[in-house]
Amino acid sequence: MRTVFKTSYDADINLFRHGAQAAWYLALLALALVLPVLLDVFLLGEVTNMLIWAIAGMGLMVLVGQSGQASLGHAAFLAIGCYANVLLQERLGLPFIVSFPLAGLIAGFAGVLLAIPTARLHGIYLAIATLAIAILTDDIIVLAEPLTGGVTGLMTPTISMFGLEIDRYVTPDRFYWLVLLVVVLTVLVYRNLLRAPLGRAFAAVRDSEVSAQAMGVNVARTKATAFGISTAITGLAGALMGHFAGVFNNETFSIIISIQLLLMIVIGGLGSIHGAFFGAIVVALLPQAIALSRDFIGGLLGTGSMAIPGLESAVFGVILILFILFEPTGIYGRWVKIRTYFELFPFYRRDMFRRQKSYLKTERLR
Amino acid sequence: MSLLEIDNVTLRFGGVVAVNKVSFSVEEGEVFALVGPNGAGKSTLFNLVSRIYDPVEGDIRFDGKSILDKAPHEMARLGIARTFQNIELFEQATVLQNLLVGRHRHRKGNLVNELLFTPFVRQEERRHREAVEKVIDFLDLQAYRDKYIAGLPYGVRKVVEMGRALAIEPRLLLLDEPASGLSVEETQDVAFWVEDIKSQMGVTVLMVEHDMHLVSAVSDRVLALADGKALALGTAHEVQNHPKVIEAYIGVSDPHQKVVA
Ligand SMILES: Nc1ncnc2c1ncn2[C@@H]1O[C@H](COP(=O)(O)OP(=O)(O)O)[C@@H](O)[C@H]1O
Ligand SMILES: [Mg+2]
């Protein structure tokens, strides 16, 4: 295992834990930057989609993984970000570079508004309240037809920024780079949150509200802040989803999307940035994997490929159940274990990650 | 003027009068112990001082001013820190992060500069870390700095909780049964720490404890409670030999014996 010899407090404050870690992430970023050269248009589109999901995942992760509040309504904030971004461009003629951050702010503000009445709700009750918001948003989109286009939906305009036209179909590589930029900025903000007092206040509220309070953390305000940051990031993801899809309506942001987003971060691993990305990879790959295996099985049986409605959700659900049963820490938790196994080989112990019994077992004076 | 004044305070839970017209005051710089059988209302008194409950009558003053118009999270800023009888740590965080949460009342950053992690925020983080390292050295927690709470043994958790309260840099420290469940040696450590907290850090300590050895060793004054009522106030020796106190501990003929929680 790598032992990091910390020579200053900055070792715990810095963005990366050690030089090698920084090098790995920079290499990953370099690879991500040249990806449009390496991949064909279809695959690049898939990766772009995956990255947008990862942004949305990070948004929800801030809320669920960091501040411990569940939400089944995040599709509503994807929708708010998406509609706000397009309407600001179409109706007010604002350029994307203004409408996009504004869309995030509006979604964030909506999140804070939701958090004020729900501050006292926990767990399943909060999940139900947020679910209600998602349903309500769906209805509002349909009802506010003059603005939102109702069930017909809206089309996203081509982005023009710094004299460049950015369009998912016409210039897929530019759109990919734009999404990548947002991903990198979101990761940076997320990392900063984790190493700042605010992130610790989130963890405090998540693990024990009563002692968070005793430490001087204003619980209601901290929860509202978590909602605001979470929904702002989710709103940005929604805006990008709109540009990715080209056309969208209320169906684009249905309840299923909310649930899928929550399942995604649980499968990926709650509480880590990695988890959002691992989860996004699963979500992006799943439809392809299902299509491939369906063709394969169809070929074996000689029935040809047939469409089975709801199959995707079902497979997703099964994967989730398997994770909750066998790896509650998600893909990221599994990844940490595998990494530790190789770092320690051949000295890995089976019970290495088992928790100690805390009751009356003391070793402090040993 | 006393640092903390409990003035004729009453709190009821349905029919149970958990705290019944209790009055006492804690002077700056002393170690004040609350003793009494289980259900006497000791933890409830702590929760009243933490503003978790509103008293139905009476007043609680800190530094001469009533705290009844304040929210629970404002207590830390006033300089009141506490531990909990049934340890309330942040389980999914490391010892270091737990202690750093104690620094929350000294936070100077805001949403924007923290999300950007400006040099100012970095500077502040270094300051918080230095303060926390002092606590780590004081309580001998070096070996556990980067360990997650979820995997720590009971004895260490108790110490971490005390450290987290100290990181607040309080004027008044409320310790709810700091030695319950600890071994004899660990209890000895707690006694030394409480003495140092008082004499070196100049922090006033209000402590609930069943271990009369510890209470006699560290406290300046002791208040015995039973059924929500104050029974006797005095030195540890005086209180232990008070007839009313002996009566309250029926079945515990020897009050020097450790009363099991
Ligand atoms: N939240 C609560 N709801 C109802 N009754 C409570 C609550 N907290 C404490 N009590 C009751 O108040 C009395 C005092 O409890 P407590 O202060 O915890 O005693 P102790 O002196 O052992 O710390 C007990 O009878 C207890 O059952
Ligand atoms: Mg108690």
Handout entry: Residue among B:T10, B:T94, B:T83 that alone is among the hydroxyl-bearing types (S, T, Y), away from ligand 2 (no atom under 16 Å from the Cβ) and under 30 Å from A:G199 (Cα atoms)
Key = B:T94
Fill in the blank from the handout: Among (1) farther than 18 Å from B:E161 by Cα; (2) within 14 Å of chain A (Cβ to nearest Cβ); (3) within 16 Å of ligand 2 (Cβ to nearest atom), B:S50 falls short only on (1)
Exercise for the section: Within the range B:4-41, track down each residue that is more than 8 Å from ligand 1 (Cβ to nearest atom) and part of a loop (DSSP other than H, G, I, E, B). Expected result: B:G15, B:E27, B:E28, B:G29, B:E30
Practice task
Please go through the range A:69-94 and pick out each residue that is surrounded by 23 or more Cβ atoms within 10 Å (Cβ to Cβ) and either without any contact (Cβ under 8 Å) to a residue 60 or more places away in the chain or touching a Lys or Arg at 6+ places or on another chain (Cβ under 7 Å) (or both).
Solution key: A:Q69
Practice task
Kindly indicate the residue of the range B:165-180 that is within 16 Å of ligand 1 (Cβ to nearest atom) and part of a loop (DSSP other than H, G, I, E, B) and also nearest to the other protein chains (Cβ to nearest Cβ) among those meeting that condition.
Solution key: B:S180
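Among the candidates B:E186, B:E195, which residue alone is within 11 Å of chain A (Cβ to nearest Cβ), assigned to a helix (DSSP H, G or I) and out of contact with any strand residue (DSSP E or B) (no Cβ under 7 Å at 6 or more places or on another chain)?
Among B:E186, B:E195, only B:E186 is within 11 Å of chain A (Cβ to nearest Cβ), assigned to a helix (DSSP H, G or I) and out of contact with any strand residue (DSSP E or B) (no Cβ under 7 Å at 6 or more places or on another chain).
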Practice task
Take A:L38 and decide whether it is modelled with pLDDT of 90 or more, more than 22 Å from the chain's Cα centre (by Cα) and farther than 16 Å from B:R126 by Cα.
Solution key: yes
Fill in the blank from the handout: The lone condition B:P72 fails out of (1) more than 16 Å from ligand 2 (Cβ to nearest atom); (2) within 20 Å of B:V215 (Cβ to Cβ); (3) not small (G, A, S) is (2)
Handout entry: Single unsatisfied condition, B:M162 versus (1) in a loop (DSSP other than H, G, I, E, B); (2) touching a Ser or Thr at 6+ places or on another chain (Cβ under 7 Å); (3) buried (at least 18 other Cβ atoms within 10 Å of the Cβ)
Key = (1)
Exercise for the section: Can you confirm whether the range B:112-127 contains a residue that is within 7 Å of another protein chain (Cβ to nearest Cβ) and in contact with an Asp or Glu (Cβ under 6 Å, 6 or more places away or on another chain)? Expected result: yes
Practice task
Quick one: in the range B:79-111, of everything that is without any contact (Cβ under 8 Å) to a residue 12 or more places away in the chain and more than 8 Å from chain A (Cβ to nearest Cβ), which residue is farthest from B:A150 (Cα to Cα)?
Solution key: B:N110
Exercise for the section: Counting only residues that are away from chain B (no Cβ under 14 Å), give me the helices (runs of 4 or more DSSP H) lying completely in the range A:137-230 with at least 1 of them. Expected result: A:145-148, A:172-195
Practice task
Among residues belonging to the range B:56-78 that are touching a residue at least 12 places away in the same chain (Cβ under 8 Å), of a type in the set (D, E, K, R) and more than 14 Å from chain A (Cβ to nearest Cβ), point out the one that is farthest from B:H104 (Cα to Cα).
Solution key: B:E57
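The values are calculated or read from the model by the stated rules, or taken from the named source; none is laboratory data. Worth saying up front: this structure is predicted, and the values here are computed from it rather than measured. So basically every Cβ, Gly included, is an ideal-geometry build from the backbone, and we count neighbours across all protein chains shown.
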